[in-house]
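Okay, so here's the structure we're looking at.
The values are calculated or read from the model by the stated rules, or taken from the named source; none is laboratory data. In this text, all values refer to a predicted model and were calculated from it rather than measured experimentally. Note that each Cβ is placed from the backbone with ideal geometry, even for glycine, and that neighbours are counted across all protein chains shown. Please note that ligands, DNA and RNA were not included when accessible areas were found on the heavy atoms of the full protein model with its side chains. Shrake-Rupley method; radii C 1.70, N 1.55, O 1.52, S 1.80 Å.
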Amino acid sequence: MADYKHIGKDFTPPDITGKVTGKAMYAEDFRVDGMVYARMYTSPMAHGRVVSIDTSAAEAMDGVVGILTADDLPAVEVPNAPILTNSPAYVGDPILAVAAETEEIAENAMAAIKVKIDPLPFVTDPLDSLLAGGPDAREEGNIYARSSEGSGFRTVKWTKEQIDEFRAGKEPTGEYVSEWTYGDLEKGFADATVILEQPFVTIGYAHMSMEPRTALSYWRNGTCFVHGSAQSQSFWMPGLARLLEIEIKDLVLISENTGGGFGSKIGAYPIAALPGWFSKKINRPVQLRVTREQEYYLGSARVGFQGWVKMGFAADGKVTAADLFIVEDLGPNATGGDASSAGGAISMVYDPGAMRFRGVPVLTNTTPRGAQRGPGQNQIAAAMAPVMDKAAKELGLDRLEVRKLNAANNATTAYEEQEPVTSAYLKEALDKGAQMFDWEGRQRLPKKNGSKVRGLGIGQGYHSAGTKGFDGLIRITPDGKLHIHTGVGNLGTYSYASTSRAAAEVLKCDWENCEIHHGSSEQHLPWNSYQAGSVTTFTHTRTNYVAAMDALRKMKEIAASTMGGAAEDYDIDGQQVFLTSNSAQGMSYGAIAARAIELGGEYSGQTYPEDINEITVRSVQSLAGSGLVGVAKDNLPQEGVIPGLACAFVEIELDLETGKYEIIDYVGIAECGTVLFPQGLAQQMKGGAVWGMGMASLERHVYDPQNGLPANIGYHQCGIPTYLDVPSVTQSSAVDIADPQNPFGARGIGEPAMGCSVAAMTSAISDALDGHIFGRTPISADMIVNHVSGREQSFLPMQTNNF
Amino acid sequence: MNPQLSRRRFIKAVIASSVAAASSSGYHSALAQDRARGAVERLISLNINGQTRRVDVAPQETLAHTLRYKLGLTGTKLGCNRGECGACTVIIDGITNYSCSTLTHSVRTRQVRTVEGLQAADGTLHPLQQAFIDELSPQCGFCTPGQLMSAAALLEENPRPTRDEVRHAMAGNICRCGAYDHYLNGIMRASGQV
């Protein structure tokens, strides 16, 4: 284990003080002179066509400054989400916005606007649309398949018999739209000792980020300023510029702090551009206030699954084959793709010898879907855990041993292409977790205590956890300070800060001498990745590494040209560059920086590499001449899948009379390579644990099938976990074995941290109920009571979004 | 939940002052134009973090709105504006309240404390603020001011609570990031029990 100065050590991220003093600014906290408030009118119905809008009364009101409708904005090809629409496709779809001197006036103006909407047929459950004769969510069709070969609408219908057999849990025979496969599936099942088939439903639910996505925008001398709620920083720029129909160089994005995203704010979303368009129209700064109700509508939701899986197991427990079929609930905008990812997750976590995936992406008129923490991977983790338990039972094997046998390791190959992994130690994670949790000991404890039963669960989570090809940018100024410019967004993971430590590590700088620049494109930031998909840790330790190595090379060259000898004769420590043969002969970093300014050229950023992104180029140009500049594109070698893995062990105590359970203990183990920031990792593992607990039993969409109206919009109705829903103490740890494809061995973890939790929960509930598999999340108390008392459930098999 | 401010008392107070309550979906006033100007005195004095602030306040205005938009105290956050999430928690006469569901006019004679008032005048952080830093309690930070105010009120009433007592006292503050464990660690640390 390498001995690092910064990597692997806790530190105080610079933004935390603002968070505890109230000084941290989120988009809605900003005020500018002359600002007006905009409020949206959103669709009251699930699907319709706006026939007329009469704003005359509103426009005559004192204090009303302007109205914005879809006609003021560029047209968007269906089914992509427009900024405003005349063809609402879900309850909450924004139709127009009103700007006024106060919010009160805007609300009153809204009440005075007459909007006539003709209703259209709508869909709340994909199976209702797949059924022949059933409604379609869009006039263009009920399926929208996105692929590199060509995306488009289709109409796919199944017969009543096919729907019924799907509801009965049989292999679907209805038409599907996408497929991939590897290995010999038939042989895989022929070789199996135990074959299990399991239907499953995972109901989608809202992201419910704490911060509604209010945005503020104004124009100054042709530049559009946007204060937004963004997960990513520089990655937002091209998309936001496109939405505003301006060039990136004419856009400034300020997003220093974002109150949660969880996948709903990865790239610029249409609403973020609304104030910019509105501001341009009425020539006033506009703050679009998004309410909690609207955040439910616009703030994205997890893709729903209605699926079927068939797994083959050899006598020793090895997974020989997997066959997966998923009907995806893609919402109205066809934003999803979770189903194929779910297949990918199975191929990684359980490493079947052969596998097939088939999918049908169905549109519904429910809230738009999008990536949500482990999109696809975490739904399937929940569905698969009790299936693995059942296989173990039928084979007479231990549940932990079956998982260890199949666990992702250095020889694992994943996805359709059967790519190798950079490294994987899920078996070691399971061993560590079992030990911390005392898996052996807990199994010996009595199971029943009156009406209460104990359940023990094991869960595994996975998401790919890295990418490459982005830029790093750092700078040393004549005062000796190291400035780390990071285009990483700040959604609460502290990864913008922890990955910046990589530069300080390479240059052996004291952390007190480092300053991180982030949160606004005016801070001259490099082109960085999105903050999603657990990519940041791997990707940006690399970008900061290459930028620092570039600076290091330059510093040594400057030292050599100033003090004699060759660059190789020099080393660094204590913020000095000195002769290895005579450490007394050296220059301070500050002196090097001053010399860099004198020398110019690449040393001070006047020239720069040809392969860096245009955003990085502009940042370097702005910083040129201010010090020693280190800038580079991450061209380090990278091949194969970079995995983020995690496992969890949980004990619950379930009351058979009430269907409620208490979570007694939870242990989560991260397998994410070298641990960069221990406290930050613990936060992700514990926060992910809470998300998994919510998905397992609390959270889901409920839509009224008669009128297409959402039945739960607020926090409590949506079932967001509170302090009392989660255990008092959650434990976490990490395997902490370096990955060979990262300079520090680090990979990401944000999503597997949740997948292992929801999987452990469904496993534990099944264990408490003697192996019963509901094949459904969330598993609510009424479902448990109905099962225990032998009554029918209140929903149709495979029904979703309602009951 | 604050025992003094039951839902019944709140509704009675609202009806008694003949004012439309803030609607669940946002700042809302159907009756604004119907009221004669000057019917209620609008320029009032408030006691915020020990300071007297004079501010123009509409009768139906919520405390969260006044703090954030008129007094420049944006530390108090609006997560839902409908009394569900606790992000807007402030302390009024020693008791936690959801400022989004508190009419500003109702606190004219009371002492209101917000997150901005937790620090000492010389900038020294409150033990809870320091403990939250040491334990890396916040993630995105949006719920943090509310968590701090609930925790501060708790420790003022019960300086050495058990972890379970803390859990129950904090149950009115939702954290979507799921940082509950770290918040509990922070509060236990601030109470000197770690």
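Could you give the accessible area per residue of the stretch B:96-171, probe 1.4 Å, as a whole number in Å²?
38
Looking at the stretch A:205-228, which residues lose a minimum of 50 Å² of accessible area between their chain alone and all protein chains in place, measuring with a 1.4 Å probe and not counting ligands or nucleic acids?
Residues meeting the cut-off: A:M210.
Taking amide H positions as placed in the peptide plane 1.01 Å from N, state which residues far from A:I516 in sequence (5 or more) or on other chains have amide H under 5 Å from it.
Amide H neighbours of A:I516, under 5 Å, 5+ apart: A:I484.
On the Cα set of the stretch A:755-800, report Rg and Dmax in Å, please.
That works out to 10.8, 31 Å for Rg and Dmax.
Only loop residues by DSSP count here, and only those with at most 15 other Cβ atoms within 10 Å; note down the trypsin sites (Lys or Arg not before Pro) in the stretch A:417-480 that meet that.
In loop regions of the stretch A:417-480 (DSSP not H, G, I, E or B), the sparsely surrounded trypsin sites (Lys or Arg not before Pro) are A:R444, A:K447.
At 1.4 Å probe radius, can you tell me the per residue accessible area of the stretch A:566-677 in Å²?
Solvent-accessible surface per residue comes out at 39 Å².
Accessible area lost on pairing B with A, both sides, 1.4 Å probe, Å² to nearest 100?
Approximately 5100 Å², summed over both chains.
DSSP loop GluC sites (Glu not before Pro) in the stretch A:73-181 with at most 14 other Cβ atoms within 10 Å of their Cβ, which ones?
A:E77, A:E139, A:E149, A:E175
Mind giving me the FRET efficiency for A:E416 and B:Q130? R0 is 56 Å, r the Cβ-Cβ distance, nearest 0.05 is fine.
0.60
Between A:Q793 and A:Q706, what's the calculated FRET efficiency when r is the beta-carbon distance and R0 is 22 Å? Round to 0.05.
0.60
Compute the accessible area of each residue in the stretch A:253-276 twice, once for its chain alone and once with every protein chain present, using a 1.4 Å probe on heavy atoms, and list those whose area falls by at least 20 Å².
Correct list: A:F262.
Given a 1.4 Å probe and every protein chain left where it sits, what share in percent of the accessible area of the stretch B:42-141 is carbon and sulfur?
In the stretch B:42-141, the share of accessible area belonging to carbon and sulfur is 44 percent.
Within the stretch A:51-128, what whole-number % of the accessible surface is contributed by carbon and sulfur, with the 1.4 Å probe and all protein chains included in the calculation?
C and S fraction of accessible area: 49 percent.
Between the stretch A:661-702 and the stretch A:131-197, how many Å separate their Cα centres?
Here the answer is 32 Å between Cα centres.
In debye, nearest 20: dipole of the stretch A:10-133 around its Cα centre with unit charges on the Cβ of K, R (+) and D, E (-)?
My answer is approximately 120 debye.
Karplus couplings for the stretch A:149-162 from phi (6.51 cos²θ - 1.76 cosθ + 1.60, θ = phi - 60°), rounded to Hz, Gly and Pro as x?
7, x, 9, x, 6, 8, 10, 10, 10, 10, 6, 4, 5, 5
With Rg and the Kirkwood Rh both taken from Cα atoms, where does Rg over Rh land for the stretch A:644-744?
Rounded to two decimals, Rg/Rh equals 1.11.
With θ taken as phi - 60° and the coefficients 6.51, -1.76 and 1.60, list the Karplus ³J(HN,Hα) couplings across the stretch A:790-803 in order, rounded to whole Hz; mark glycine and proline as x.
Once rounded to whole Hz, the list reads x, 9, 6, 6, 8, 10, 6, x, 6, 6, 9, 6, 6, 7.
Using only alpha carbon pairs under 8 Å that are at least six residues apart, calculate the relative contact order of chain A and give it in whole percent.
About 16 percent, as a whole number.
Could I have the simple spin-label model distance between A:T173 and A:R154, label points 7 Å from Cα toward Cβ, reported in nm to one decimal?
Calculated label separation equals 1.9 nm.
Can you run phi through the Karplus equation (6.51, -1.76, 1.60; θ = phi - 60°) for the stretch B:172-189 and list ³J(HN,Hα) in whole Hz, with x for Gly and Pro?
Result, rounded to whole Hz: x, 10, 8, 10, 6, 5, x, 7, 3, 4, 6, 5, 4, 4, x, 5, 5, 5.
Over the Cα atoms of the stretch A:82-241, compute the convex hull volume and normalise it per residue, giving Å³.
234
Considering the dipole of the stretch A:5-89 built from charges on the beta carbon (Lys and Arg +1, Asp and Glu -1) around the Cα centre, which of A:A89, A:T12, A:V50 is farthest to its positive end?
Going by the Cα projections, it comes out as A:T12.
Mind checking the stretch A:229-326 for GluC sites (Glu not before Pro) that DSSP puts in a loop (not H, G, I, E or B) and that have at most 14 other Cβ atoms within 10 Å?
A:E245, A:E247
How much accessible area per residue does the stretch A:299-355 have, counting only protein heavy atoms and a probe of 1.4 Å, in square angstrom?
13
Provide the net charge surrounding A:L482, with neighbours chosen by a C-beta distance below 13 Å and charges set as Lys +1, Arg +1, Asp -1, Glu -1.
0
Please get the size of the charge dipole for the protein assembly as shown, origin at its Cα centre, with Cβ charges of +1 on Lys and Arg and -1 on Asp and Glu, quoted in debye to the nearest 20.
Its charge dipole is roughly 2380 debye.
List the residues of the stretch B:47-84 for which accessible area in the full set of protein chains is at least 20 Å² lower than for the chain on its own; 1.4 Å probe, protein heavy atoms only.
B:R68, B:Y69, B:T74, B:K77, B:L78, B:G79, B:C80, B:R82, B:E84
Based on the Cβ-Cβ distance from A:S451 to B:A171, what FRET efficiency comes out when R0 is 35 Å, to the nearest 0.05?
Result of the calculation: an efficiency of 0.90.
With a 1.4 Å probe and every protein chain kept in, tell me what percent of the accessible surface of the stretch A:259-355 is carbon plus sulfur.
Exposed carbon and sulfur together represent 51 percent of the surface.
If you scale each eigenvalue of the Cα gyration tensor by 5 and take the root, what three semi-axes come out for chain A, rounded to whole angstrom and sorted largest first?
Gyration-tensor ellipsoid for chain A: 44, 37, 22 Å.
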